[in-house]
Amino acid sequence: MNCDELLAMLNEYVDGSIDPGVCETFEKHLAGCNPCQVVVDNIRQTITLYKDGQPYELPTAFHRKLHDALRQRFTQLRR
Amino acid sequence: MTTISTTDAELVRRAQAGDLAAFEELVSRYEQRVYTQARRITGQEQDAEDVTQQAFLSALEHLADFRGEASFATWLTRIATHAALKIIRKRQGLPTMSLEAATEEQETYGSIPHPEYITDWREGPAELATHSETQQLIDTALAQLDEKHRLVFLLRDVEGLSVKETAEALQLSETNVKVRLLRARLQLREQLTRAFGDERRRVTGGHAHE
């Protein structure tokens, strides 16, 4: 397999959505290719960093505005 | 009365039946998540506020239609995604239905830059998250992606939409979603590995496959 083919498989492999036959080929490659294994690890860590990243706080004024608007609309709709 | 242990499904049921407190509890559970999603997708505070408000208003308007096939969280994420994309299109002066130019090119894996800086990270994500500069670094890296790659990454990897849902939301082919996702992941990996990687263990010398 060349680099382009490996990169194509990489996505699916990281997602766990890879075809089993292809997965076996890819894992065989990973077993013998440390750089590729490191890249796979890096990508997993990258995704985790963003996924588990710090949430943004709602600005106080906006929080109030949001709840007021929703309360109002809820009451209107239920009338 | 609602408690922490009341499920979303139960709150939805009560809200559908006219219980305002139940609806407010739902909002409180998800407002930070929706706002964060909106901030990341639009990249701007004011737009994020508009998106958040629009998303919850829309959820309220359609609450009666929510049947529980998907979880409330997933349903709300989809609504928020559409609201965020709508604002991006509006900001760019594009017709509201499409982010793409008239013809969408078929992308391929062929021209994707190969990883260059390859090494293990000095720390794992959990430890990195405790350092104050980490958030800044990851925000910068994200902002440097082309919007078309950033959006796919945010929807697939951060918000957890499926390939199909992402393709529908962005009006792309599934192949293009996959290719763009790979580009985004590789570019982020490249930048973040330079920031967090252990220089001493860097893979040097040519690394090529036949």
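The values are calculated or read from the model by the stated rules, or taken from the named source; none is laboratory data. Please read these numbers as outputs of a predicted model, since none were measured by experiment. Please note: Cβ atoms are built from the backbone with ideal geometry, for glycine as well, and neighbour counts cover all protein chains shown.
Observations on the model:
- Odd one out for A:Gln54 among (1) part of a helix (DSSP H, G or I); (2) at the interface with chain B (Cβ under 7 Å from one of its Cβ atoms): (1)
- On inspection, A:Thr60 does not qualify as surrounded by 13 or more Cβ atoms within 10 Å (Cβ to Cβ) and either of a type in the set (Ser, Thr, Tyr) or over 30 Å from B:Leu20 (Cα atoms) (or both).
- Matching residues, the stretch B:21-59, being in contact with a Ser or Thr (Cβ under 9 Å, 6 or more places away or on another chain), over 22 Å from B:Ala70 (Cα atoms) and modelled with pLDDT of 95 or more: B:Ala21, B:Ala48, B:Asp50
- Matching option when the condition is of a type in the set (Gly, Ala, Ser) and at pLDDT 90 or above, among B:Ala101, B:Ala15: B:Ala15
- Residue in the stretch B:171-190 that is more than 18 Å from the chain's Cα centre (by Cα), farther than 20 Å from B:Arg78 by Cα and not hydroxyl-bearing (Ser, Thr, Tyr) present: yes
- Selection status of B:Thr36, of a type outside the set (A, V, I, L, M, F, W, C) and touching a strand residue (DSSP E or B) at 6+ places or on another chain (Cβ under 9 Å): no
- Residue satisfying all of: in the stretch B:107-130; among the hydroxyl-bearing types (Ser, Thr, Tyr) and crowded, with 19+ Cβ neighbours inside 10 Å; farthest from B:Lys148 (Cα to Cα) among these: B:Thr119
- Close pairs (7 angstrom Cβ cut-off, 6 or more residues apart or separate chains): more than 8 Å from chain A (Cβ to nearest Cβ) in the stretch B:122-135, assigned to a loop (DSSP other than H, G, I, E, B) anywhere: B:Arg122/B:Asp198
- The stretch B:136-168, subset assigned to a loop (DSSP other than H, G, I, E, B) and not small (Gly, Ala, Ser), residue farthest from the other protein chains (Cβ to nearest Cβ): B:Asp146
- Condition check for A:Thr46 on (1) in contact with a Lys or Arg (Cβ under 8 Å, 6 or more places away or on another chain); (2) modelled with pLDDT of 90 or more; (3) part of a loop (DSSP other than H, G, I, E, B): one failure, at (3).
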